[in-house]
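Visitor: Encoded as structure tokens, here's the structure I'll be asking about.
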Amino acid sequence: MTKFFRLTAVACAAVFMLSAAFVSYSSAENFGEKYDHSLLWLEKVNGKRALKWVRKQNQQTLRELTADPLYTRFKKQAYAILTAPNRITYGTLRSGYVYNFWRDKDHVRGIWRRTTVARYKAGHYKWEVLLDIDALAKKQGKNWVYKGADCLAPDYNRCLISLSPGGTDATTYREFDITTKSFVKGGFQVPLSKTDLGWQDKNTLLIATNWGPDKHGVSAMNTSGYSRIVKRWHRGTKLRDATTVLTMRPTETFSFSQIFTRPEGRAVFIGRGHDFYHISYYLVAKTGDLKPLPLPEMSNLEGLFRGQILVNLKQD
């Protein structure tokens, strides 16, 4: 227990040290004061020096943790909890079905499956397996980790399956047909990258990915390592031929598409993250144009009801 508190104290001290460094950096940027910028190389998230430093810290931390006599016991307990056959079967409701991703000792990478709402409520699941990640990884010789499925409402028969090699932030997307339980031949497929995408309609995606440098050599990625350019990609065309919808500054943080489907209609939005707390939203009009929403930057879109947008305001 003493060692636990000592580790916690060290971790907290490290956080405070890093916080102080970032505050100093921010202050220097804002006020032009002279501060020690010797750690700015850590800002290059994929830089060789930064990655080497991270691996070294990870090794030191792992040695410290695994040397603790409680480590093995806690690891076994955590594994038992995460793989317990009687754990809660969480699901996502889609058009009369409950979708669930499940991992256990027989499905280490997991299976994506569904059952009807009626069977789920009755406790008689009778799961229909849609995609077996273990079988897919073995067939393709890839260390696939399932990251999720973005399915097109309202019928939810077409989905974009997100897979990552080894669980990295970078993912690949492939279009999947629920009715045939197979990937769509010639369908949407996105190469490995840090990508955000969403369905504008059945034949169109809004996508932000690594487009590569432009003709002037300017990167399509921001300083956080994510795409700063959102494009519209039509079915049957090459990804490189997608047309630009939104271009962000390199210092901005992220972008994302947000789609709400209700019985009365469908609304598509794009969020532009200036940083992790300030976001501007745009409505994607039927013409394809972006219309900015007159909302405070500290707010979130939560839903659509009877043609009205539900907004969570975090400032006046």
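Visitor: Given a 1.4 Å probe and the protein chains all in place, what does the accessible area of SER193 round to, in Å² to the nearest 10?
Guide: Accessible surface of SER193 is approximately 10 Å².
Visitor: For a test of the definition: using alpha carbon positions, the gyration tensor, and the 1.5 limit on a/c, classify the range 249-316 as rounded, prolate or oblate. Present the calculation step by step, with values, prior to reporting the outcome.
Guide: Details: a/c = 2.26, a/b = 1.42, b/c = 1.59.
Here the range 249-316 falls in the oblate category.
Visitor: Related question: On full extension of the chain, what length is gained from LYS75 through ASP201, given 0.36 nm per residue of separation minus the C-alpha to C-alpha distance?
Guide: Details: separation 126, 0.36 × 126 = 45.36 nm, distance 4.48 nm.
That pair, LYS75 and ASP201, stretches by 40.9 nm at full extension.
Visitor: Taking the Cα centroid of the range 210-275 and of the range 47-86, what is the distance between the two, rounded to the nearest whole Å?
Guide: After rounding, the separation between the Cα centres reads 35 Å.
Visitor: Please tell me which of these pairs span more than 32 angstrom C-alpha to C-alpha: LYS52/LYS75; LYS56/LYS215; LYS52/LYS105; LYS181/LYS291? Let's see the in-between values first.
Guide: Details: LYS52/LYS75 27 Å; LYS56/LYS215 38 Å; LYS52/LYS105 34 Å; LYS181/LYS291 37 Å.
From LYS52/LYS75; LYS56/LYS215; LYS52/LYS105; LYS181/LYS291, over 32 Å: LYS56/LYS215; LYS52/LYS105; LYS181/LYS291.
Visitor: Could you work out how much longer the chain between ASN157 and TRP102 gets when fully extended? Use 0.36 nm per residue separation minus the Cα distance between them, nm to one decimal. Before the final figure, lay out each step's value.
Guide: Values: separation 55, 0.36 × 55 = 19.80 nm, distance 2.00 nm.
Full extension of this stretch gives 17.8 nm more.
Visitor: Here's another thing I want to ask about it. Quick one, could you list the DSSP H helices from the chain stretching 18 Å or more along their long axis (Cα atoms) with average Kyte-Doolittle hydropathy of -0.5 or above?
Guide: Numbers: long enough: 2-31 (43 Å, 1.00); 48-67 (29 Å, -1.29).
Qualifying helices: 2-31.
Visitor: Something else: Could you list the square roots of 5 times each eigenvalue of the Cα gyration tensor of the range 236-284, that is, the equivalent ellipsoid semi-axes, sorted largest first and rounded to whole Å? Walk me through the intermediate numbers first.
Guide: Numbers: eigenvalues 94, 75, 10 Å².
In descending order the semi-axes read 22, 19, 7 Å.
Visitor: I need the peptides 63-70, 290-297 ranked by packing, meaning the mean over residues of other C-beta atoms within 10 angstrom, with the highest value on top.
Guide: On the way: 63-70: 11.0, 290-297: 13.0.
Taking the mean over residues of other Cβ atoms within 10 Å, the ranking is 290-297, 63-70.
Visitor: Would you indicate which of [x] -0.44, -0.67, -1.25; [y] -0.65, -0.97, -1.43; [z] -0.58, -0.77, -1.13 is the value of log10 I(q)/I(0) by the Debye sum over Cα atoms at q = 0.09, 0.11, 0.15 Å⁻¹ derived from the coordinates of this structure?
Guide: Label [y] holds the value from this structure.
Visitor: Roll a 1.4 angstrom probe over the protein heavy atoms and tell me the percent of accessible area of the chain that is carbon or sulfur. Could the numbers behind the result be given before it?
Guide: On the way: 11450 of 20280 Å².
Carbon-and-sulfur percentage of accessible area, whole number: 56.
Visitor: In what sequence, highest mean first, do 233-239, 276-282, 157-163 appear when ranked by Cβ atoms within 10 angstrom? Provide the component values of the computation, followed by the final result.
Guide: Values: 233-239: 12.4, 276-282: 16.6, 157-163: 20.4.
Top to bottom by mean Cβ count within 10 Å: 157-163, 276-282, 233-239.
Visitor: Right, something else. Whole-Å semi-axes of the range 197-294's equivalent ellipsoid, largest first, each the root of 5 times a Cα gyration tensor eigenvalue?
Guide: On the way: eigenvalues 102, 64, 20 Å².
Taking √(5λ) for each eigenvalue gives 23, 18, 10 Å, largest first.
Visitor: Treating the beta-carbon of each Lys and Arg as +1 and of each Asp and Glu as -1, no other charges, what is the dipole magnitude of the chain about its Cα centre, to the nearest 20 debye?
Guide: 1200 debye
The values are calculated or read from the model by the stated rules, or taken from the named source; none is laboratory data. If you're wondering where the values come from, they're calculated on a predicted model, not measured in any experiment. When we count neighbours, we look across all protein chains shown, and the Cβ atoms used for this are built from the backbone with ideal geometry, even at glycine. Note: accessible area is taken over every heavy atom of the protein model, side chains too, but ligands, DNA and RNA are not part of it. Shrake-Rupley method; radii C 1.70, N 1.55, O 1.52, S 1.80 Å.
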